[in-house]
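Q: Provided herewith is a single structure, encoded as structure tokens, for subsequent inquiry.
The values are calculated or read from the model by the stated rules, or taken from the named source; none is laboratory data. What you see is a predicted model, and the numbers here were worked out from it, not measured in a lab. Every residue, glycine as well, gets a Cβ built from its backbone with ideal geometry; the counts of neighbours run over all protein chains shown. Just the protein is used for accessible areas: all its heavy atoms, side chains included, with ligands, DNA and RNA removed. Shrake-Rupley method; radii C 1.70, N 1.55, O 1.52, S 1.80 Å.
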Amino acid sequence: MPILEVENLSVSFKKYTRGFKQTKSTVITSLDVTVEAGEILAVVGASGSGKSLLAHAILGILPSNAITSGVIKYGGEELTPARQSVLSGKELALIPQSVNYLDPLMRVGSQVRTSVKKENAIAAQREVFQRYHLNAGVEKMYPFQLSGGMARRTLLATAMVSGARVIIADEPTPGLDSVVIVEALNHLKESAVNGCAVMLITHDIESALQVADRIAVFYAGTTVEISPVEHFNGNGEQLRHPYSKALWRALPQNDFIPIKGSQPRPSQLPSGCLFAPRCEMATPDCEQERPAMRNLRNGMVRCIHAT
Amino acid sequence: MKSIRMATLLVAICFISFLLIKNSPIDPIQAYIGADMLNVGSEQREKIAEYWGLNEPIMVQFFNWGSALLAGDMGTSMIYRQPVSEVIGERFVHSVVLMLTAWIFSGVIGFTMGVVAAMKRDTWIDRSMKWYCYMLASTPTFWMGLLVLIVFAVWLGWFPIGLGVPAGVLAKDVTTVDQLKHLILPAMTLSIVGVGNVALHTRQKLIDVLGSEYILFARARGEWGFILFWRHGLRNIVIPALTLQFAAFSELFGGAVLTEQVFSYPGLGQATVEAGLRGDVPLLLGLVLFSTMFVFGGNLIADLIYRLLDPRMREGRSR
Amino acid sequence: MMPTLTLLNKKQRALIVTILAIVFLMIVIVIGVVLDKESISTNLKHRNASPTFEHPFGTDWLGRDMFSRTFMGISLSIGVGLIGAFGSTLIATILGVISATMGKTADRIVSWLIDLFLSVPHLVTLILIAFTFGGGFKGIVIGIALTHWPSLARIIRAEVMQIRSAEFVQISRKMGKSSWWIATKHIFPHILPQILVGFMLLFPHAILHEAAVTFLGLGLSPHEPAIGIILSESMKYLSAGMWWLAFFPGLCLLFIVRTFDMLGENIRILMDINIDHK
């Protein structure tokens, strides 16, 4: 049974635009995804497609003007705001994007200690620092003094020290050199091997392919496909959704063909399939209604034409 | 670099204020003699002008004044017939008690108000706090003083109506209790009007902090409410608030001028007004310089606080 | 929240507040202008009267109607504030544009000037300038104009610099348009809303400072019906319990200043300007 399930999640915001109009923009549209203990699920999609909000929705830290619908379940039970406030930081942990997520005026050692839920925080913090090769001086440093790699390991440490069973890593690799990226990904793999469920949210397909067990392809606020990582090979014949195939072929080591057009803006979503305006396989049927997620060849897809 | 800039500013302020005052149509001799002007012949007038050095070319007068100033002599006040430095010294003692009291009260109360409003954002508490602060920003300080005077001194009769010390009592017989009694109302006025700025600033700062990524992450780790504020909010808003309070010495001084006038409190502000009204040139110049130094002092402390307390400034350099 | 409020968004609310504020201010100014000068003539029969229907703000020790005096004073204060704020805006615009366009040295000089005016407490500068001009209308207007420009000058400087580096201006320059053409076609239209809002937000400060300096006795002459004069005269009579002499004029001043402040804020919201004017 999956430890974390997201069913039909939608997130939207009220916004003021030019003039006197108020509009609602939907950033996540009926999104479905599941994660099991011991696996890494990568959520892959273009930058700025609202992937981070998925993490925020799971942890219950969306801004107050967000309107959500759908169900998030943890351990088979619905994750209500009340449960979220109990479980966040204990069972569910976030690895944030950058060092900006650390309090600039607090020594990093103390910050890591605040995540420790058992007794003897100092010992736990020192142990985790040792595990991630952060030397003793680091705990007395302020976030601005950390190098990119040190910051990354510190953020990882805050999640690991909490003993959480679900780890959500939000863009853990941007701006890092390749050695540090490999290191960061290995740490994630390690915690999955130790029985954690890891959700890796990233725009970097290549790193996702290195460590993930399954890949969820994220487009315009929804998951269009969930596929085992092995299906990302060759010309992408085994992939189900036209967008995933195009994404795969756009990689430099493959055909390096960019996808035409751009993602629809959250305030101007098409009424039918979200990918239809850019899809080569699109037919009038695609514009009728949003396709539902269906099982297909050991994966899932949101496309009426997929085989 | 910064000290050079300060020095040029000080010299310029000396020079400009000197020029301005010398160009005033208010005749210092007449101001000095006052109602007896009719009894003074032109010969006597000449003598007085000579005594004060008023006949020399203006640049010579400036250099005389400037060199005396550098030697620590600010001249003699015409209305108090006392060296300016002594007048300022005496008055400053009174003013500093008043300003310090108001500074601390307005700082602490304003900061607390700002924190509460930001933590309860968009509730009625926040809204009424904001309303109150905006009203305060539009309230004339001296009118607030008059209201306080009407309510506490006239209607309730709890406090004396004016003067720093009771009238008709010798200076050495004035007790601390008397002084305190005369201090409370002006200090209260100055505290009330000083609250708005700190409160609004702190509120905005804390709202910014609460919207920051590190607060988001702290919430993702299960922190909320008071713990969240105590761990991450407070430390990030205290330094800006302190800096703001120190950098607001200019407004504090302005407020003191007005409240001292309302309550006839014998401080620097009242002396400034007296000097302006009665044409006491040396005293007015001395007070302009002194108030400038006071503002500089505040800015300097604000700067130092940043350097000492903010680790990004403190430890950033040592790396 | 009330349902009527939620139906309107921020901008619609700003528009309504702006219109109400303008109407309110117009009424006040009109009252101040059309009031009969007779009503503030000495009337020894009605001396020291507390507020009644006939004299809503009471009368003073000479039997003058405080309502009329207050509104005449307010009109006078608005007038002085208007001229002072206008002068200040003019200085701010000129210095702001100079420091943004005339090179490093000019920029440094302007920033030094700003520091110069910020290092002496406002009120002390005002007293000094009022003293220089021997008090009266001229002194107070010049004083206000000279003390309120620094923050607006900084905003205009930043705005002009930003527009100068903007792409469309760079392109115009490459196309060989003259500096004058760029200044009038690109820069000026962009900073105009800033200047207007800056002016509106200076206004309440100018009025408050005018009243303060006049209250101290260094501003408008005691023969004018200024609010500062009314309040400073009232001090002699407060201990006799004549609270209305100070209460109503001050309250009206507060409302006027607050209304101008709100007007400035709401115009800023309507014009989508997001720079902090403090």
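Q: Going by Cα centres, the stretch A:233-296 and the stretch A:103-119 are how many Å apart?
A: Here the answer is 43 Å between Cα centres.
Q: Rounding to the nearest 10 and keeping the result within 0 to 90°, find how far the Cα-based axis of helix C:227-238 lies from the longest principal axis of chain C.
A: Once rounded, one gets 40 degrees.
Q: Based solely on its DSSP helices, what 222 nm [θ] is calculated for chain C when runs of n ≥ 4 H residues each add -39,500 (n - 2.57) and the sum is averaged over all residues, nearest 500 deg cm²/dmol? Intermediate results must be reported in sequence, preceding the final value.
A: Details: 12 runs with 202 residues, N = 278.
Mean residue ellipticity at 222 nm (helix-derived): -24500 deg cm²/dmol.
Q: Taking 50 Å² as the minimum loss, tell me which residues in the stretch A:95-141 lose that much accessible area going from the chain by itself to the full protein complex (1.4 Å probe).
A: For the stretch A:95-141, once contacts with the other chains are taken into account, A:Y101, A:D103, A:P104, A:L105, A:M106, A:T114 lose 50 Å² or more.
Q: At a threshold of 8 angstrom on Cα-Cα distance, excluding pairs fewer than six apart, so keeping six or more, what relative contact order does chain C reach in percent? Mind showing how you got there, number by number?
A: Values: 368 pairs, mean separation 68.7, N = 278.
Taking the mean separation of contacting Cα pairs over the length of chain C, I get 25 percent.
Q: What ³J(HN,Hα) values, in whole Hz, does the Karplus curve 6.51 cos²θ - 1.76 cosθ + 1.60 give for the stretch A:247-263 when θ = phi - 60°, with x put for Gly and Pro?
A: So the J values, rounded to whole Hz, are 4, 5, 6, 6, 5, x, 6, 9, 6, 6, 9, x, 7, 6, x, 9, 4.
Q: Same structure, new question: Considering only DSSP beta bridges where both residues belong to the protein assembly as shown, give the percentage that are antiparallel (nearest 5). Walk me through the numbers before you get to the answer.
A: Details: 34 of 53 bridges.
Looking only at bridges with both residues in the protein assembly as shown, the antiparallel portion is about 65 percent.
Q: Find the sum over both chains of the accessible area lost when C and B are paired, probe 1.4 Å, and report it in Å² to the nearest 100. Can you show the working numbers first?
A: Numbers: alone 15180 and 18560 Å², together 29760 Å².
Heavy-atom accessible area buried at this interface is about 4000 Å².
Q: Provide the buried accessible surface between chains A and B in square angstrom, both chains summed, 1.4 Å probe, rounded to the nearest 100.
A: Working: alone 14840 and 18560 Å², together 31150 Å².
Chains A and B together bury approximately 2200 Å².
Q: Name the helices (complete DSSP H segments) of chain B with a Cα length along the long axis of 24 Å or more and a Kyte-Doolittle mean of at least 0.5, or state none.
A: Long hydrophobic helices here: B:2-22, B:84-119, B:176-210, B:281-309.
Q: Okay, next question. Work out from phi, with θ = phi - 60° and the Karplus expression 6.51 cos²θ - 1.76 cosθ + 1.60, the ³J(HN,Hα) of each residue of the stretch C:79-92, listed in order in whole Hz, and give x for Gly and Pro.
A: Each residue's phi maps through the Karplus curve to give x, 4, x, 4, 5, x, 5, 5, x, 4, 4, 4, 4, 4 Hz.
Q: Given H placed on each backbone N at 1.01 Å, which residues far from A:E36 in sequence or on other chains put an amide H within less than 5 Å of it?
A: A:I3
Q: Residue by residue through the stretch A:103-109, what is 3J(HN,Hα) from phi via Karplus (6.51 cos²θ - 1.76 cosθ + 1.60, θ = phi - 60°)? Round to whole Hz and write x for glycine and proline.
A: 4, x, 10, 10, 5, 5, x
Q: A further question on this structure: Pick out, in residue order, every one of the trypsin sites (Lys or Arg not before Pro) in the stretch A:198-307 that is DSSP loop and has at most 13 other C-beta atoms within 10 Å; say none if there are none.
A: A:K260
Q: Still on this structure: Give, ordered by residue number, each residue of the stretch B:113-149 whose 1.4 Å probe accessible area is reduced by a minimum of 40 Å² on adding the remaining protein chains to the chain alone.
A: Listed by number, the residues meeting the 40 Å² cut-off are B:Y134, B:M135, B:S138, B:P140, B:F142, B:W143, B:L146.
Q: Quick query: amide H of A:I168 versus all other amide H atoms, modeled in the peptide plane; which residues come in under 5 Å with a sequence gap of 5 or more or a different chain?
A: Residues meeting the amide H criterion: A:A93, A:L94, A:I95, A:M199.
Q: Enumerate by residue number the chymotrypsin sites (Phe, Trp or Tyr not before Pro) in the stretch A:248-282 meeting two conditions: DSSP loop (anything except H, G, I, E, B), and at most 10 other Cβ atoms within 10 Å of the site's Cβ.
A: Numbers: sites: A:W248, A:F256, A:F275; in loops: A:F256, A:F275.
Those satisfying the criteria are A:F256.
Q: While we're looking at this one, here's another question. Viscosity 0.890 mPa s, temperature 25 °C: Stokes-Einstein D of the protein assembly as shown from its Kirkwood Cα radius, in µm² per second? Write out the running numbers ahead of the final one.
A: Numbers: Rh = 32.5 Å.
The calculation lands on 76 µm²/s.
Q: Roughly how many Å² is the accessible area per residue of the stretch A:101-162, as a whole number, for a 1.4 Å probe? Working shown, then result.
A: Numbers: 2440 Å² over 62 residues.
Using a 1.4 Å probe on heavy atoms only, each residue of the stretch A:101-162 averages 39 Å².
Q: May I pose another question? Using a 1.4 Å probe, how large is the accessible area of B:F226, given in Å² and rounded to the nearest 10?
A: 140
Q: So, one more: Output the 0 to 90 degree angle, nearest 10, between the alpha-carbon long axis of helix C:136-147 and the longest principal axis computed from the alpha carbons of chain C.
A: Once rounded, the angle reads 40 degrees.
Q: To the nearest 10 Å², what's B:K22's accessible area with a 1.4 Å probe?
A: Surface accessible to solvent at B:K22 totals approximately 60 Å².
Q: Please work out whether the stretch C:69-271 counts as rounded, prolate or oblate from its C-alpha gyration tensor, where a ≥ b ≥ c are the square roots of the eigenvalues and a/c under 1.5 means rounded, while otherwise a/b larger than b/c means prolate and anything else oblate? Please report the intermediate quantities before stating the final value.
A: On the way: a/c = 3.39, a/b = 2.16, b/c = 1.57.
Note, shape of the stretch C:69-271 comes out prolate.
Q: Could you order C:W244, B:W103 so the one with the most accessible surface comes first? Probe is 1.4 Å.
A: The most accessible residue leads, giving B:W103, C:W244.
Q: How about the stretch C:189-237: which of its residues lose at least 20 Å² of accessible area in the presence of all protein chains relative to their chain isolated, using a 1.4 Å probe?
A: Those are C:L208, C:A212, C:F215, C:L216, C:L218, C:L231, C:M235, which lose 20 Å² or more relative to the chain on its own.
Q: Got a number for carbon plus sulfur as a percent of the protein assembly as shown's accessible area, 1.4 Å probe?
A: Numbers: 25740 of 41880 Å².
So the carbon and sulfur contribution to the accessible surface is 61 percent.
Q: Keeping to pairs on different chains or 8 or more places apart, tell me how many lysine pairs in chain B have Cα atoms under 23 Å apart. Intermediate values should be presented prior to the final figure.
A: Details: B:K22/B:K47; B:K120/B:K130; B:K120/B:K205; B:K130/B:K205; B:K172/B:K181.
Lysine pairs meeting both conditions in chain B amount to 5.
Q: Can you list residues whose amide H is under 5 Å from B:T76's amide H, if they're 5+ apart or on another chain and H is modeled 1.01 Å from N?
A: Excluding prolines and chain starts, which carry no amide H, the hits are B:V84.
Q: How large is the accessible surface per residue of the stretch B:91-317, computed with a 1.4 Å probe and reported in Å² as a whole number?
A: Values: 9550 Å² over 227 residues.
Result: 42 Å² per residue.
Q: Additional query: Can you give the accessible area of B:M135, probe radius 1.4 Å, in Å² rounded to 10?
A: Surface accessible to solvent at B:M135 totals approximately 30 Å².
Q: Rounded to the nearest 10 degrees, what's the angle between the helix C:10-34 long axis and the longest principal axis of chain C, both from Cα atoms, 0 to 90?
A: 50
Q: Report, in deg cm²/dmol and to the nearest 500, the calculated mean residue ellipticity at 222 nm for chain A, where each DSSP H run with n ≥ 4 adds -39500 (n - 2.57) and the sum is divided by the residue count.
A: On the way: 8 runs with 78 residues, N = 307.
Only helices count here, giving -7500 deg cm²/dmol.
Q: For A:M1, C:M262, give me the order by solvent-accessible area with a 1.4 Å probe, most accessible first, ignoring ligands, DNA and RNA. Write out the running numbers ahead of the final one.
A: On the way: A:M1 165, C:M262 70 Å².
In descending accessible area the options line up as A:M1, C:M262.
Q: Restricted to Cα positions, what overall size does chain B have along the principal axes? Three whole-Å values, descending.
A: 86, 58, 35
Q: Pop the C-beta distance of A:E36 and C:L196 into the FRET formula with R0 = 60 Å and round what comes out to the nearest 0.05.
A: Once the sixth-power term is evaluated, E becomes 0.50.
Q: Something else: Given a 1.4 Å probe and heavy atoms of the protein chains only, how would you sort B:L308, A:L4, C:L196, largest accessible area at the top? It would help to have the intermediate numbers written out before the result.
A: Working: B:L308 110, A:L4 0, C:L196 80 Å².
Of B:L308, A:L4, C:L196, the descending order of accessible area is B:L308, C:L196, A:L4.
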